[in-house]
Every structure is written in C-alpha cells, then in structure tokens.
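These notes concern the structure reproduced below.
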Amino acid sequence: MATRARASIASAVTTGDGRARRRARARSSAATTTTETTTMTTTEGFYRWRGHDAHYARCGATTATTHVVFLPGFGVGTFHYEAQLREGALGEDACAWALDFVGQGKSWPRGEEAIDGFAYSVDAWREQVEYFLREVVGREAYVCGNSLGGYVATYVAAAESSRDLVKGLILMNATPFWAFVPSDEESLGYKLAPWRGSLPVPGWIRAPIKQYWESFRSRANVRGLLSLVYANAEAIDDRLIRDIIEPTENKNALSTFCSVVWSPKSAMSFDDMTERIRDSNIPVALVYGKEDPWVVPLWGQRLKRAIPRAHYYELSPVGHCPAHEAPETVNSILSRYLQFCESTAEETQPPSGSADGRAKLIDGAPRNIFERIDAYRASRSPTM
C-alpha cells in the first residue's frame, strides 16, 4: 500500500482539568488532505472529495489490528454510531470509524453553492466509501452498514475495484433496494426520466418539492417516522431528532434531497452484489432487528439463502436501527464476532449470541406463511 506523508499542524491543547484534550492534524498526499480534531477518545475529521468537505469520526488507534467502518442510513450520520465510537466498545485492539455520506450529516460542498454536474447517487456514495477506505483508513477494514448504509456496504464489498479493501461485511437491516430511475441507459425508464439527479435542480422539480420540504423535515414528522421503525421508543430523544434536522438547514440540503430522489439506481443490482459476495471468501454477518416493519425478517432470510455462510444474528425486541436502539447488544455481538474472524485457532466457533441474550444466532429458516411462500418461490427459481 502506498505510503502517505503525515504532517502535524497543531499541538495538543489541554483543558484546566487535564482530562479533555484537543488536537488537530493534517494528513496529505497527492490524492487527499485530511484534517482531524480529537476530543477525549473520539476523533472527528474532514477529507476533501469531489468538491466536498467529507466528515468522519474515529475511535481507536490507526495502528490497530482490526478496523471497522460504519456507514449510516439515509438522513442520519456518524452520530448514529456514537455508542460504537467509544473506547473498547468493539474490543481492545479495534479501531472504529464512521462517515457521513456527502449530502448528509456534516459532509457538504466546500463552497456556498451546489456542485454543478454532481449527482447524489448510490454509485457516488460507493465511490466515496472506496476512496475513504483507500486514502483515509489506508488498510483492510470490516465494512458495516445499516439501512441505506447496508446497501452501500454490500455494493462496496461486491465491487471489483474495492475488493482488496474489504476484510468482512456486517449488515444491519440493510435495505435491498434504492432509487427509482433505472441505471440502464438503454432502458425506457431511463430515457423517459426528465432529470437524472445531476445538479443544478430544474426549477419545475425544485418548486413542488420545496413546498413539501419544511413539513418533511419538521420535528413532528421526523419523530413520527422514527416511531414507525424503532422498537425502542426511549431511543427517540430530543437529541436524536435535533441531530437529524440540523443537516437539513444547510443551504444545499434541498438540492441534495432532489438529487437523491431523481438519481438512478446502482449500476449493479442488489442480487448481483450478493452473488459476487457469495463467490468471495470474506466473512459476512447479518445483525438484524426482528421488529423492523420496513426490512422485515423475510429480507434477512433472503440474504442468508443468497450467502449461506453468513452468520445471522436476530435481535429482539429491536427495530430498524439496531446499533442505536440496542447499542450494548450490538457491541457485544460485534466485538465477539470480530474476535472470531480474527482468530487463527481452527476450533474457534462464531458467537451464539450477545452477552445480554437479546441477540441470538439463528439459521434463517422461514417461520410464518409469508416467509415460507417466499422460501418456496426461491427454491423454484433457477438462479438459486
């Protein structure tokens, strides 16, 4: 791996009690410039990518033997993984990273204006993660994603260009679909699409969405949407809602949202992604909340059938966002699973569940009539 020069641009600053410390530093090479600020044990940083100041957070030493990169769902960011970005949360020699996709969280264009020609598509996010792994993390890492982040993590793990960067894949209630406009340029749907997400936003698209925008990002609507997918209502606090709404106040937020809605689907289908991962040798773990009304257990079972070697952990009662709803349970599973993956002992077995008993290793077999029908249809498909 190419060596990258690292230069310190600021010295440590210690507060009066001597416990909180802050430092900033820049890391630069021909490809990237990274600026970091460290408070206590968590480091926050920015790196430049395609006209954006892209944000990330890290906890742990860059020299650690195990690295895990967390990818967020749509509308959230690094704050959703605060419990995983704690010292020792994933093990004593693990370094946890989390990033904000461009157009979300704290990752926005460097200037005041939107970036002409840029589309906030799932392919752009995949390329952003690949760049982050190669230029910022700088070594193989386990990629872990929730919801949209799970889709992107799967895409990164399946892409030929990033195979040397992914040590393992961990999915938490990954959405198996994203976007509406087909990516095939020869398809009728692609040709009929009046716009494909590249900025600037046409006025006739921006105007009607703008009327809906304020209602969409209101506290009442955000709380209502979260209450639909969280099994743990206590996790929906004022801070979470504030953290979700704050990025929508960015000058470019509305344009970004329009671009997300109209950008094409990924160049590779989710089924093709899972097929490639099945044919690879990376470890795969499914850490799924059982009570998720969006990504119901049927989708986890499909993934387990598509990638038979995957270890399927079901958490209950947990909804769509396991890492935030049940952080101690998730940390228990992840730390044990990483230890299993990193072990060189042949007799080592995967963890059977979490320390608190809320997560259990299951075989992914169908349990209700709808799941059985889906499994039967899959067994009759020539592609399975």
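Just for segment 184-233: of the residues that are of a type in the set (Val, Ile, Thr) and more than 30 Å from Glu328 (Cα to Cα), which one is farthest from the chain's Cα centre (by Cα)?
Ile205
Which one is surrounded by the fewest Cβ atoms within 10 Å (Cβ to Cβ), of the residues in segment 75-97 that are more than 25 Å from Arg219 (Cα to Cα) and of a type in the set (Gly, Ala, Ser)?
Gly88
Taking segment 134-155, which residues are among the small types (Gly, Ala, Ser) and buried (at least 24 other Cβ atoms within 10 Å of the Cβ)?
Gly145, Ser147, Gly149, Gly150, Ala153
Check off (1) within 25 Å of His80 (Cα to Cα); (2) in a loop (DSSP other than H, G, I, E, B); (3) of a type in the set (A, V, I, L, M); (4) out of contact with any helix residue (DSSP H, G or I) (no Cβ under 7 Å at 6 or more places or on another chain) for Ala365 and give me the number that stays unchecked.
(1)
Which one of Arg50, Arg126, Arg110, Arg58 is in contact with a Phe, Trp or Tyr (Cβ under 8 Å, 6 or more places away or on another chain) and surrounded by fewer than 16 Cβ atoms within 10 Å (Cβ to Cβ)? Working first, answer last.
Working: Arg126 fails: surrounded by fewer than 16 Cβ atoms within 10 Å (Cβ to Cβ); Arg110 fails: in contact with a Phe, Trp or Tyr (Cβ under 8 Å, 6 or more places away or on another chain); Arg58 fails: surrounded by fewer than 16 Cβ atoms within 10 Å (Cβ to Cβ).
Only one candidate passes the filter, namely Arg50.
Quick check on Gly103: is it surrounded by fewer than 19 Cβ atoms within 10 Å (Cβ to Cβ), more than 25 Å from Glu160 (Cβ to Cβ) and either in contact (Cβ under 8 Å) with a residue 40 or more places away in the chain or acidic (Asp, Glu) (or both)?
Considered against the rule, which asks whether it is surrounded by fewer than 19 Cβ atoms within 10 Å (Cβ to Cβ), more than 25 Å from Glu160 (Cβ to Cβ) and either in contact (Cβ under 8 Å) with a residue 40 or more places away in the chain or acidic (Asp, Glu) (or both), Gly103 comes out as no.
Identify, by number, the condition in (1) more than 30 Å from Gly117 (Cα to Cα); (2) part of a loop (DSSP other than H, G, I, E, B) that Leu226 doesn't meet.
(2) is the only condition that Leu226 fails.
What do you reckon, is Gly300 in contact with a Phe, Trp or Tyr (Cβ under 7 Å, 6 or more places away or on another chain) and closer than 29 Å to Ser161 by Cβ?
yes
Looking only at segment 293-336, count how many residues are within 25 Å of Ala96 (Cα to Cα) and of a type outside the set (A, V, I, L, M).
20
Checking Tyr212 against (1) surrounded by 14 or more Cβ atoms within 10 Å (Cβ to Cβ); (2) part of a helix (DSSP H, G or I), which test does it fail?
Of everything listed in (1) surrounded by 14 or more Cβ atoms within 10 Å (Cβ to Cβ); (2) part of a helix (DSSP H, G or I), Tyr212 misses just condition (1).
Of all residues in segment 79-117, how many are small (Gly, Ala, Ser) and over 17 Å from Ser332 (Cα atoms)?
7
Each row is one residue, and each column tells you yes or no for (1) at negative phi; (2) touching a Ser or Thr at 6+ places or on another chain (Cβ under 8 Å); (3) in a loop (DSSP other than H, G, I, E, B).
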| position | (1), (2), (3) |
| --- | --- |
| Ser335 | yes, no, no |
| Leu338 | yes, yes, no |
| Cys341 | yes, no, no |
| Thr344 | yes, no, yes |
| Pro350 | yes, no, yes |
| Gly357 | no, no, yes |
| Glu371 | yes, no, no |
| Ala375 | yes, no, no |
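Which residues, counting only those in segment 298-357, are at pLDDT below 95 and among the β-branched types (Val, Ile, Thr)?
If the condition is that a residue be at pLDDT below 95 and among the β-branched types (Val, Ile, Thr), then Thr344, Thr348 are the ones that fit.
Just to be sure I understand the filter: pairs with C-beta atoms under 7 Å, separated by 6 or more residues or on different chains, first member in segment 231-243 and under 22 Å from Tyr288 (Cα atoms) and surrounded by 11 or more Cβ atoms within 10 Å (Cβ to Cβ), second member modelled with pLDDT of 95 or more and of a type in the set (Ser, Thr, Tyr). Which pairs pass?
That search, which allows pairs on different chains as well, returns Ala233/Ser227; Ile236/Ser227; Ile236/Tyr230.
Of all residues in segment 157-174, which are in contact (Cβ under 8 Å) with a residue 40 or more places away in the chain and within 16 Å of Arg134 (Cβ to Cβ)?
Ala157, Ala159, Arg163, Val166, Lys167
Check off (1) part of a strand (DSSP E or B); (2) modelled with pLDDT of 95 or more; (3) within 27 Å of Ser121 (Cα to Cα) for Cys95 and give me the number that stays unchecked.
Tallying (1) part of a strand (DSSP E or B); (2) modelled with pLDDT of 95 or more; (3) within 27 Å of Ser121 (Cα to Cα), Cys95 fails exactly one: (3).
The values are calculated or read from the model by the stated rules, or taken from the named source; none is laboratory data. The model shown is predicted, which means the values in this text are computed figures rather than measured ones. For neighbour counting, all protein chains shown are included, and Cβ atoms are generated from backbone atoms with ideal geometry for every residue, glycine included.
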